[in-house]
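None of the figures in this text is laboratory data; all of them are computed from the coordinates on show. All of these numbers come straight from a predicted model, not from anything done at the bench. In this analysis, Cβ positions are derived from the backbone assuming ideal geometry, glycine residues included, and neighbour counts consider all displayed protein chains.
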Amino acid sequence: MPYKTAMDSTLIIFSLVSAVIFTLIYALGFHSGPPSAVVIFFSVLFSAIWAAGLWLRPAGPMFMGVFWVPLLIVALIFSALLAYGIGGIAPKSRDPSAVAPTPLIVFFWVLAVFLIVAIIAGYLLL
């Protein structure tokens with residue numbers, strides 16, 4: 001059962017700001033691939049933080065109606081996994097045939113559909 005912890009607009013704004021901050025850290029510090037990977041990184045991270053805000057149990061201190069500690073932990077975990085999965089942390093190979101983008105595309109679409117369903121279900125079950 002989802003937890004109602006914040007006003008919807010506050011949760012969305014917090015998710016947006018957190019996703020922008022973690023995306024900037026990724027883009028300026030770790031990213032060396034195509035620019036479209038940054039857009040994918042941002043969209044998945046934003047959706048994950050938003051869904052986490054709807055489904056995680058409230059814990060830690062509250063700021064403007066948002067329990068922010070669990071959301072930042074989710075943002076950190078998703079950022080690390082996405083940066084590794086997109087290829088921002090691992091050493092780059094110069095051989096273009098060494099990279100198989102098809103599993104990443106399938107993973108992205110499955111994850112995107114799952115997060116959208118989690119967000120919609122979070123609002124429908126409140």
TODO: Find how much the distance from S32 to R57 grows on full extension, using 0.36 nm per residue of separation minus their present alpha carbon separation; answer in nm with one decimal.
DONE: 5.4 nm
Task: Vicinal HN-Hα couplings computed from phi for segment 29-46 (Karplus, 6.51 cos²θ - 1.76 cosθ + 1.60; Hz; Gly/Pro x) - done: x, 10, 7, 9, x, x, x, 5, 5, 5, 5, 5, 4, 5, 5, 5, 5, 4
Task: Cα→Cβ-extended label distance, 7 Å offset, between V69 and V20, nm - done: 2.6
TODO: For segment 106-115, just list the computed ³J(HN,Hα) in residue order, Karplus coefficients 6.51, -1.76 and 1.60, θ = phi - 60°, integers in Hz, with x standing in for Gly and Pro.
DONE: 4, 4, 4, 5, 5, 5, 4, 5, 4, 5
Task: Vicinal HN-Hα couplings computed from phi for segment 75-80 (Karplus, 6.51 cos²θ - 1.76 cosθ + 1.60; Hz; Gly/Pro x) - done: 4, 5, 5, 5, 4, 5
